[in-house]
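These notes concern the structure reproduced below.
Every read-out reported here was derived from the displayed coordinates using simple, explicitly stated rules and does not represent laboratory data. The structure displayed is predicted, hence computed values, not measured ones. Cβ atoms come from the backbone with ideal geometry, glycine included; neighbour counts cover every protein chain shown.
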Amino acid sequence: MFLSETTSMDPLFLVVPLVVFLPLLGILVNWLFGKRLGEKAIGTIASLAVGGSFVVSLILLFALRTDPQGFSVPLMQWFTVGGLDISWSFRVDTLSVVMMLAVNLVGTLIHIYAIGYMHEDAIHQGDPTRYRRFFIFMNLFIIAMMILVSADNFLMLFVGWEGVGLCSYLLIGFWFDKGEGGIANAQAGKKAFITTRIGDFGLLIAIFLIFWAFGSLNFGDIFPRVGEVAANHPGLMLAITLFMLMGVTGKSAQIPLYVWLPDAMAGPTPVSALIHAATMVTAGVYLMTRSQALYLAAPAAQNVVMWVGAITALFAAIIAVAQFDIKKVLAYSTISQLGYMVAAVGLGAETAAMFHLVTHAFFKALLFLSSGSIILSLERAMEEGAQGSGSHATNIDPQDMRNMGGLRKKMPTTFWVYLVGALTLSGIAPLAGFFSKDEIIAAANNTNGIIFVVLVAAAFLTAFYMGRQILMVFFGKARTKAASLAKESAPLITVPLIILALLSIVGGAINFPGWLNLEHWLEHTIKVHESTFQLPVALISLSIALIAILIAWLIYGRKPLAESTSKDPLARSLGGVFTLVNQKFKVDELYHFLFIGPYEKLADFFAHPVDQGFIDGIANGLGNLASETGSWLRKLQNGFVRSYVLSIVAGIVIILIYLLVRV
Amino acid sequence: MDAALIWEWVIKSLVLILFLTVGFAYVTYYERRLLARIQARIGPNRVGKFGLLQPVSDAVKLIFKEEFTPAGVDKFIFVLAPILTVIPALIILAVIPWGVPIRLFGREIPLFISDINVGVIYIMAVTSISVYGITLAGWASNNKYALLGGLRATAQMISYELALGLSFVGPAMLAGSLSLVEIVRAQQSSVWYVILQPVAFIIFFFASIAEINRAPFDMPEAEQELTAGYHTEYSGMKFALFFMAEYIKMIAISVIGSTLFLGGFDGPFVESQPWLGPIYLLAKTFIWLGVLIWVRATWPRLRYDRLMSLGWKILFPVALLNVIVTAVVVVLVN
Amino acid sequence: MTLIGIIFYGFLAIVAIVSAVAMLLNRSAIYSALFLVLNFATIAVLYLALGAPFIAFTQVTVYAGAIMILFLFVIALLGAEKLSGHEPIKGQRTMAIVLGLIFVVELVLFLIFRNQGIQPMLALTQDFASPQKIGIAMFTQYLLPFEVVAFILLSATIGAIVLTRVEKPARLGAARGKK
Amino acid sequence: MPTSFFLALSAIMFVLGILGVLLRRNALVIFMSLELMFNAANLAFVTFANQYQLLTGQIFVFFIMAVAAAEVAVGLALMVAIFRNKGSVDIDQLNSLKG
């Protein structure tokens, strides 16, 4: 079950450090020589680095087939402090290799896509000099992610955890000088960083508690002893898991810390695809899956996890319905899908969570990248329109779905892959999303009826908003000049999309009941209870999805939006409710009112009355005292040497008087 | 206090001063005659037999000349300067022994005025004092030529004083004493130091010429540039004093040089015949003076910067080296 | 102590003080310098009386012969004998004189009350301060200070040269360099 | 002759030197006053050397003389430099550093 420290290790396992060092090599090459290399070369090097990582993951997969127990491959001693002995070692087991494969596969495709995307994006956004930096950050992210998933102890995992957070911050704020007021993007990055930091604080406390409880941070030392420790300190296990959940809500964008993810769409689209859909945000799910033993020891925590995930899934799905920004819809969709995964973990269906994680990586990356293709196309069209008319073109928002429409004909490839992605997400059989999502819903059905209802409702909304999106974007007629001028993107962009579309179609096969079977695969690492394919559940969810798509067609397909300024049909019928949902239930405002506002007031209190008034008053007062004394004493320095001598002589005379008087 | 001792001092001092003043007069005669010979002339030969009374007539002329004090001079210092110039010249020989002690009127009379154990330093002190007269004369005259001459003289004398002082050190080290009486005695027992200290001797020779501002080092009174240097404005008796001081200094350095390097009063039979001592010393002085005049007649004047660099860059280092070598040799030999 | 001695020393002391006062009061720096030379000479004689002939003649050679000549030289060179203008510092003169008087009084009181050594001058042996003894002391017991002083002299020499050097025109320097 | 006679002379000369520094404006004369003070100190040294039958006092005087010579060389060089810049040796004109 757990890592064996046996001596007979397949030498193939020893390649595992390369998953980190190949991207590092890519960074070094781009960093040192990138200035002289062209855009293509930089992108190719970065992609090759990640691709190499993927190949290494495949090798590991191959190695694991013969020896599925997995190994811990030590690289070096990191540090030893007292009883804390941390070594830098890679854990190669079925779970981590699944993560590696998913991350590196999607990462490679996104890197390739980014070569084309960033080239055009640089043209439109006017940032050619940041091209190299983009790929360096991307590779850095892959490194951090690899550290995270291959960590053999909680501290290393935390290093990767923070590393991906850092890269997320850097990449969200990649266009730090753009956005509303020139700082909105930078603030989005800041928001993401701070919000996830709040969660990281919880994770850190969890790690402290783990060390306190187990005296070690190595997975291999901790998990076998969970039962024994939990028996002694039942409350402690609850605390550990709940604090860990806090970290998960931050990183995996769950209620209440999800608010950063929609804003994170300020980053370039490949970033959204890679980090905020496919990989980093799933780190929380991975963490909880990895720590399954702990959660099993704390059933209360498991319940909390379940509820958090389910509510997030529904809540985000509701918000997604009323969004107009093409990427925001996908962002809330991501939150919603992450909610499914978290709920799955809470339901004890970790394999389902991992399954959904992998398929979600495929289709959500596909959707994001496709939306990127659309955005690029609109931007390019905007520029062409501006040149063609020679007049001051209206600057439309290229991400607003109301500004699109009728793109089906203009961008056929994008349309078809987008359709595949949307259907997969909606859970239409036999695409990948159907199987994975269905497994979670089935698990809910087995466990908790309310959760089941919530998840099904969320699935309904998912299908609905994806239908709404497809219909708004691709059907109807072009609502803006830019949309009418849109053209299909270059092959460098479309080819990765096609590959991802194929993966989305066939991805379900990895846990096809009775076939490849992810479950059996993961069994070597975590506890798995067999899931069964429940036909009624599958039928319910499928029909729900189909109904939702139908409703979407009824609302948006029959009578498409006429103008980019015309009101959403839902808004017409729902009125204030739609506006509220469109404004994301005003959660940001609520947080601002509850936390940020008071915090700012407190900061202002410390900044102005305390710091500027009191502390500066003391400092300035002392300074003024010295200055005043100095300007008074200055008069003594009259520049006349003889005057100084006079005072010296006076001193001598006084000393002599003292010597005389002193008997 | 012993009255006889006081009388002895007074008489010895009078003899010395008389010797110097008369000597001064006849050194001028000696110089003029010798220069004339060298320059294939005859020289003064009208007043008295061979012109021997010429100095007397010169003195009379100078004494009766009008004392002219230019406007704008600082009168006190203008008068003080020539006096200050003469006095050191007169007292510098107080530590020089003239001969072996003689017995007269039943008492042992040493033939020197004072034998102090820092005789060489005494000479140095007096030499350095003698600069004052010239400097003050140059300043007090309120004349730029005079001032320049005075300043030049000061710089030159201070510079060469170093080499001069260091040239004293060699003989002093060999003799193991700073007393000139001891130095002469040491030469009597060994050889004259001109043989043991040739370098010091040469340095002494040139530095002393510079010290008394004689050709070829007579820069302070270089007629072509500065008319007559520091004594441009002087006339009559005051000029005579400067004149006198210069020639007395000539005698003085001849005597000192003879004492330090040529054995002083030392000579054959001087122990048995004490009266030979002063005569030997006189003869050596006479020859030394002749050489000085000869040098003046032969060598052209140095340019001022050459003069300074000769003093600082050649004589001073060589003298220093000589001191070091001598010290090492003295230590090794003993 | 004989009467002659008292007269002799009293006379020297008066000369020393008067010359110092004259140096202090004389308007002309040249006269000040000359009075100071007189003072030094007087002190030198007192040194002789105190059994320090070596110091006495060194005093004449160094102070009178070198230092004061340099003073005269600089005064004459700069033409800085006299200054015009008035005392610019208010109260300086009064305060100075008052402090000076207090100082003297204090020192005298000190001599009377503190110094037990109102002793007669001691008769010294002939070779108490002979050049040999001074030399031996200087080169054995006080060798380090001696070397330090030598170093100070050297650095002062260099310092004086650097301070008074006038930058020569480049042409002259180049010509000299060629030679 | 009591040694305190010489000490008193030394003290008076020292105070006169101080007064010279305090009263005169000519930097050269101030410098001379310093020398006078040195001399007063030297006299005290020699007097004590006599009283305590120690050569140390005299040797110290010798060192003082050497240092004074060095000091005068540098000091006068400074005077010349100052005169070149200011055209005067009035020490009260050197008050650029007044507060």
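Structure notes:
- Neighbour-count ranking [beta-carbon atoms within 10 angstrom, fewest first] of A:SER371, B:SER272: B:SER272, A:SER371
- The lysines within cross-link reach of C:LYS82, meaning a Cα-to-Cα straight distance under 29 Å and a gap of 8 or more places when in the same chain, are B:LYS75, B:LYS144, B:LYS238, C:LYS90, D:LYS86, D:LYS98.
- Straight-line reach from B:LYS249: taking Cα to Cα under 16 Å and skipping same-chain neighbours fewer than 8 places apart, the lysines in range are B:LYS284.
- For peptide B:140-153, the mean count of partner chain Cβ atoms within 10 Å of a residue's Cβ comes to 1.
- In the protein assembly as shown, taking the dipole from charged Cβ atoms about the Cα centre, the farthest positive-side position among A:GLY160, B:MET157, A:GLN469 is held by B:MET157.
- Projecting the Cα positions of B:TYR26, A:LEU425, B:PRO216 onto the charge dipole of the protein assembly as shown (unit charges on Cβ atoms of Lys, Arg, Asp and Glu, taken about the Cα centre) puts B:TYR26 furthest along the positive direction.
- Projecting the Cα positions of A:MET306, A:VAL106, A:GLN637 onto the charge dipole of chain A (unit charges on Cβ atoms of Lys, Arg, Asp and Glu, taken about the Cα centre) puts A:GLN637 furthest along the positive direction.
- Evaluating 6.51 cos²θ - 1.76 cosθ + 1.60 at θ = phi - 60° for every residue in segment C:138-143, the Karplus couplings come out as 5, 8, 10, 5, 10, 5 Hz, glycine and proline recorded as x.
- Legend: ranking of residues B:VAL199, A:VAL285 from fewest to most surrounding C-beta atoms inside 10 Å; resulting order B:VAL199, A:VAL285.
- Axis of helix A:641-661 versus longest Cα principal axis of chain A: the two differ by about 70°, to the nearest ten degrees.
- Folded to 0 to 90 degrees: helix A:432-447 orientation relative to chain A principal axis, Cα: 80
- Stokes-Einstein D (µm²/s) once Rh is taken as the Kirkwood radius of chain A over alpha-carbon pairs, at 20 °C in 1.002 mPa s: 80
- Near A:ILE115: Cβ cut-off under 14 Å, other residues only, Lys/Arg at +1 and Asp/Glu at -1. The net charge is -1.
- Magnitude of the charge dipole for chain A, about its Cα centre and with charges confined to Cβ atoms of Lys, Arg (+1) and Asp, Glu (-1), is about 1620 debye.
- Using C-alpha pairs under 8 Å with a sequence gap of at least 6, the mean separation divided by the residue count of chain A gives a relative contact order of 12 percent.
- About the Cα centre, charge dipole magnitude for the protein assembly as shown (Lys/Arg +1, Asp/Glu -1 at Cβ), debye: 3540
- Net charge of the neighbourhood of A:ASN139, taken over other residues with C-beta under 13 Å away and scored Lys/Arg +1, Asp/Glu -1, is +2.
- In this structure, the amide hydrogen of A:TRP88, modeled 1.01 Å from its nitrogen in the peptide plane, lies closer than 5 angstrom to those of A:LEU75, A:MET76, A:GLN77, A:TRP78, counting only residues at least 5 positions away or on a different chain.
- Computing Rg and the Kirkwood Rh from the Cα coordinates of the protein assembly as shown gives a ratio, Rg/Rh, of 1.35.
- Seen against the Cα atoms of chain A and their longest principal axis, helix A:18-33 is set at about 60 degrees.
- Residue-by-residue Karplus 3J(HN,Hα) for segment A:272-285, coefficients 6.51, -1.76, 1.60, Hz, glycine and proline x: 4, 5, 6, 8, 9, 9, 8, 10, 4, 5, 7, 4, x, 4
- Net charge of the neighbourhood of B:GLU67, taken over other residues with C-beta under 15 Å away and scored Lys/Arg +1, Asp/Glu -1, is +2.
- Normalised contact order of chain B, rounded percent, pairs of Cα under 8 Å and 6 or more residues apart: 23
- Lys, Arg +1 and Asp, Glu -1 on Cβ, resulting dipole of segment B:137-282 about Cα centre, debye, nearest 20: 100
- Cα-based shape type of segment D:3-90, given that a ≥ b ≥ c are square roots of the gyration tensor eigenvalues and the cut on a/c is 1.5: oblate
- Computed over chain A, the per-residue total of -39500 (n - 2.57) for DSSP H runs of n ≥ 4 gives a 222 nm mean residue ellipticity of -22500 deg cm²/dmol, rounded to 500.
- Bridgeable lysines around B:LYS49 (alpha carbons under 17 Å apart, same-chain partners fewer than 8 residues away excluded) are absent.
- Neighbour counts of C-beta atoms inside 10 Å place B:TYR304, A:TYR644 in the sequence A:TYR644, B:TYR304, starting with the fewest.
- Segment B:113-201: relative contact order in percent, alpha carbon pairs under 8 Å with at least 6 residues between: 32
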